[in-house]
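Derivation of every value follows stated rules applied to the coordinates shown; laboratory data play no part. The model shown is predicted, which means the values in this text are computed figures rather than measured ones. When we count neighbours, we look across all protein chains shown, and the Cβ atoms used for this are built from the backbone with ideal geometry, even at glycine.
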Amino acid sequence: MIFNFDAIKQALFRLDWLMMISTFLLCILGVAFIYSAKYQGAALDAGNMHLKQILWIGVGTVAFFTAAVIDYRTISKYAYGFLAVSLVLLCLVFLFPPINSAQRWIPLVVLDLQPSEVAKLSCLLALATYFSPPVFNVNRRSVFLVTALIAGVPFLLVFMQPDLGTAVIFVMLAAVMLFARGLYWRTIIICAILGVLILVFAFFFLLEDYQRQRILTFLVPGSDPTGAGWNAAQSKIAVASGGPTGKGFLQGTQNTLGFLPRTVAPTDFIFSVIGEEAGFVGSATVIGLFALLFFSIYRAAILARDMLGRLIAVGVLGILSLHVFVNIGMTVGAVPITGLPLPLVSYGGSFMVSTMVALGLVQSVSIRRERR
C-alpha cells in the first residue's frame, strides 16, 4: 500500500521542522506583499489576488504532506510516466490562444495550468531515477544522449512557448545531475564552452525580438529606459529607495503609483516591493529564510539513505536556488529579466503547488534518511 497509517504517523514525527518553518514563513510574507503590490490606496480595493494565493498555499500544503508521507522510491517508479504526461501537456498548450503573445497555459475551471511547472518536477524525477543505480558510469556517451533526451525535449517545447527563463531550468537541472553524479571536470569545461557557443547562436538566430532587447538593455543599461528597460529601472529605484528599514507596509510608491507595473509587481518583481517597503532589513530577512531552506535541503541530500534520494534533493536545491538567484538578481539589475518568479513568495497557482510538491519530495527523503 502507498498509504499506511502507522507509517504516516512515524513520518510526521520525523519531519524537518527547519524546512517547514522557513517554507511557511516565506509563504506568509508572500501573501502580505502580494496584497501590498496590488494596493492602490485606502479608498480602492486591493483585489483578491492575495486570497487566491492563500488558496494555492492550502492546495500546496496538502500536496506537500502527500508527497512527504509517500516513499520517494515508490514515486520514482512512475517517473517516466509522469514525464510522458508532462510532455503531452506541453504539447496541448499550443492548442489554446496565446496570452500576452505566449502559449504557456491550459485554461481550466479553477486555474490556468502551466505545464512547464509539471514538466520541471517530472524531469527532475526522471533524471534522478536514471542516475540512481549505485554503480553508474556518468561519463559514457549513452548517458549524455539519454540525458539530452529527458531534458532536451521539454526544453524545446518550453522554449517554443516562448518561455526562455523556464527553459533554462531544464538545462541547469541536467547539468546539476551530471555534476552530482561525478562528471569529469574536463567534460564539464567542454560542455561549458559549447553552452556559450549555443547561447551566442541562440541570441542571433533563435530569440524573439523582445528577449534579445532585454539582454541588450541589461548589457547597456539606460539604452531603452522607456521601453525594454522600464521595469528594470523602476525595480532598481524601488529597491534602492527602501533604505535600511523601508518606507513601511503599504507605503511604497513605485507600485502604488504604477511606476512598477501592477501586472508584474506581485509576480516577477515581488522582491522589489519587499525592498521598497521593508528595506534592507526585510530583504535580508527573506534571503535569510531562503538560506535556512536551502541548508535544510542540503542536509537532506547529505543524509539521504541512497543515491536516488540524494539526487532528488540536489535537483530541488538546484531548481529553487536558480529561481531565487535570477529573480533577486534581475530586480537589482545583476542579471537580465527572464520572468522567473520567486519561490513561495511570488503569486502563481501552478508555481506554488509545484514548489510545495518539490519540497514535499525532499521531506520524503529527509524522513527516510539514515539514522546518524
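The trypsin sites (Lys or Arg not before Pro) of region 27-102 that meet both conditions, a loop assignment by DSSP and at most 11 other Cβ atoms within 10 Å of the site Cβ, are LYS77.
Protection proxy ranking of 132-138, 150-156, by the mean of other Cβ atoms within 10 Å over each peptide's residues and highest first, is 150-156, 132-138. For the pair ARG186 and VAL85, the difference between a 0.36 nm per residue extended length and the Cα-Cα distance amounts to 32.8 nm. Over region 69-147, the alpha carbon radius of gyration divided by the compact-protein estimate 2.2 N^0.38 Å works out to 1.37. Placing +1 on each Lys and Arg Cβ and -1 on each Asp and Glu Cβ, with no other charges, gives the chain a dipole about its Cα centre of roughly 1120 debye. Taken over the chain, the alpha-carbon convex hull comes to 155 cubic angstrom per residue.
Membrane-span-like helices in the chain, defined purely by DSSP H runs whose alpha carbon atoms cover 18 Å or more axially and whose average Kyte-Doolittle hydropathy reaches -0.5, are 17-38, 49-69, 79-92, 115-131, 141-159, 164-180, 185-205, 270-303, 307-331, 349-367.
Taking every DSSP helix (H) stretch of at least 4 residues in the chain, weighting each as -39,500 (n - 2.57) and dividing the sum by the residue count yields a mean residue ellipticity at 222 nm of -22500 deg cm²/dmol. Take every pair of alpha-carbon atoms less than 8 Å apart whose residues are at least six positions apart; their mean separation over the length of region 281-372 yields a relative contact order of 34 percent.
Using every pair of distinct Cα positions in region 101-142, the Kirkwood expression returns a hydrodynamic radius of 13.1 angstrom.
Maximal additional length on extending the PHE325-THR253 stretch stands at 23.4 nm, based on 0.36 nm per residue less the C-alpha distance. Here the label points at TRP17 and LEU145, each 7 Å from Cα along the C-beta direction, are separated by 5.2 nm in the simple model. If a spin label sat at a point 7 angstrom from the Cα of ASP306 along the line to its beta carbon, the backbone N atoms of region 76-114 nearer than 14 Å would be those of 76-79. Measuring nothing but how far apart in sequence close Cα pairs (under 8 Å, 6+ apart) lie, relative to its length, the chain scores a relative contact order of 29 percent. Positive end of the dipole of the chain (Cβ unit charges, origin at the Cα centre): among TYR78, ILE169, GLN211, the Cα lying farthest that way belongs to TYR78. Viscosity 1.306 mPa s, temperature 10 °C: what is the translational diffusion coefficient of region 209-278 from Stokes-Einstein with a Kirkwood Rh over Cα pairs, rounded to a whole number of µm²/s? The Stokes-Einstein estimate is 129 µm²/s.
Ranking VAL138, PHE269, TYR347 by Cα position along the charge dipole of the chain, where only Lys, Arg, Asp and Glu carry charges on their C-beta atoms, puts VAL138 farthest toward the positive end.
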